[in-house]
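Colleague: Structure below; questions to follow.
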Amino acid sequence: MIPKGATICFVVGVIGAGIIGGFLFQISNQTPSLVYQDGPSLSIITEKINYHLDEPVHIRIINSGTVPLTFSDSSFGLKIRGLDGTIIYLPASIQTISTLNPHEEKMFVWNQTKTDGSKVIEGRYKIESNTSPDADNVLKKSVTINIFQ
């Protein structure tokens, strides 16, 4: 026979863990929100944070400010890195000055392959973009995503 106090503690623990787990699950799947600002501002947004292997990652690079931003290539400074800082993927681009006007955005789709064509493994990856180093204000933004089995 199980004591009454132990049964009550067990039931309260299971219910509490379920509530906390549901709350943490909702927090972990929130997508970043876009906030427009006065002056220069750069934003990177993905449709979600957690992806399955081989699921396409849609990346939006947005000028969320009120002044045009210049980039040193046609991929708008897009890079995908491992958390150790190693560049995993660079999109094919040409070295030309690209401009992103206020409230304008560019969309890229990453199919979870490395620059050499091999597939990535499970893990965390940082998607980043930065404006041209020749610009008055160099802006660098990033977002971290998770890739699961």
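Computed from the coordinates by the stated procedures, all read-outs in this text should not be read as laboratory data. Note that the structure is predicted; figures quoted are calculated from it, not measured. Methodologically, a virtual Cβ is constructed for each residue, glycine included, from the backbone with ideal geometry; neighbour enumeration extends over all protein chains shown.
Colleague: Work from the charge dipole of the chain (Cβ charges, +1 for Lys and Arg, -1 for Asp and Glu, about the Cα centre) and give the residue of PHE71, THR115, ILE8 farthest towards its positive end.
Modeller: Towards the positive end, the residue furthest out is ILE8.
Colleague: Just to verify a number: FRET efficiency for THR70 and ASN146, C-beta to C-beta distance, R0 = 22 Å, to 0.05?
Modeller: For R0 = 22 Å, the calculated efficiency reads 0.10.
Colleague: Additional query: Given a Förster distance of 41 Å, report the FRET efficiency between ARG60 and ILE8 from their Cβ-Cβ distance, rounded to the nearest 0.05.
Modeller: Approximately 0.25, to the nearest 0.05.
Colleague: Can you run phi through the Karplus equation (6.51, -1.76, 1.60; θ = phi - 60°) for the range 86-95 and list ³J(HN,Hα) in whole Hz, with x for Gly and Pro?
Modeller: Couplings: 5, 6, 8, 9, 10, x, 5, 8, 10, 7 Hz.
Colleague: Same structure again: Go through the range 83-149 and name the GluC sites (Glu not before Pro) that are in a DSSP coil and have 16 or fewer other Cβ atoms within 10 Å of their Cβ.
Modeller: GLU104, GLU122
Colleague: Run the simple label-point estimate for LEU34 and LEU53 please: 7 Å along Cα→C-beta, distance reported in nm.
Modeller: A separation of 3.3 nm, rounded to one decimal place.
Colleague: Which of these values of mean projected area of the Cα convex hull in nm² was calculated from the structure shown: (1) 12.5; (2) 8.6; (3) 8.1?
Modeller: Computing mean projected area of the Cα convex hull in nm² and matching it to (1) 12.5; (2) 8.6; (3) 8.1 gives (1).
Colleague: In the chain, how many lysine pairs have Cα atoms under 12 Å apart, counting only pairs 8 or more places apart or on different chains?
Modeller: Lysine pairs, 8 or more places apart or on different chains, close enough: 5.
Colleague: Right, another one. So what are the ³J(HN,Hα) numbers for the range 112-118, from phi and the Karplus equation (6.51, -1.76, 1.60; θ = phi - 60°), rounded to whole Hz, Gly and Pro as x?
Modeller: 3J(HN,Hα) across the range 112-118, in whole Hz: 6, 10, 7, 4, 7, x, 7.
Colleague: Which residues' amide hydrogens lie under 5 Å from the amide hydrogen of SER74, considering only partners 5 or more residues apart or on another chain, with H built in the peptide plane?
Modeller: Counting only residues 5 or more places away or on other chains, the set is ILE94, THR96.
Colleague: Relative to the longest principal axis of the chain, what angle (0 to 90°, nearest 10) does the C-alpha long axis of helix 4-28 take?
Modeller: Long axis of 4-28 versus the principal axis of the chain: about 10 degrees.
Colleague: Quick one: order SER64, SER41 by neighbouring beta-carbon count within 10 Å, fewest to most. Write out the running numbers ahead of the final one.
Modeller: Numbers: SER64 22, SER41 19.
Ascending number of Cβ neighbours within 10 Å: SER41, SER64.
Colleague: Another question, if that's okay. For labels at ILE87 and LYS114 in the simple 7 Å Cα→Cβ model, what's the distance in nm?
Modeller: 1.5
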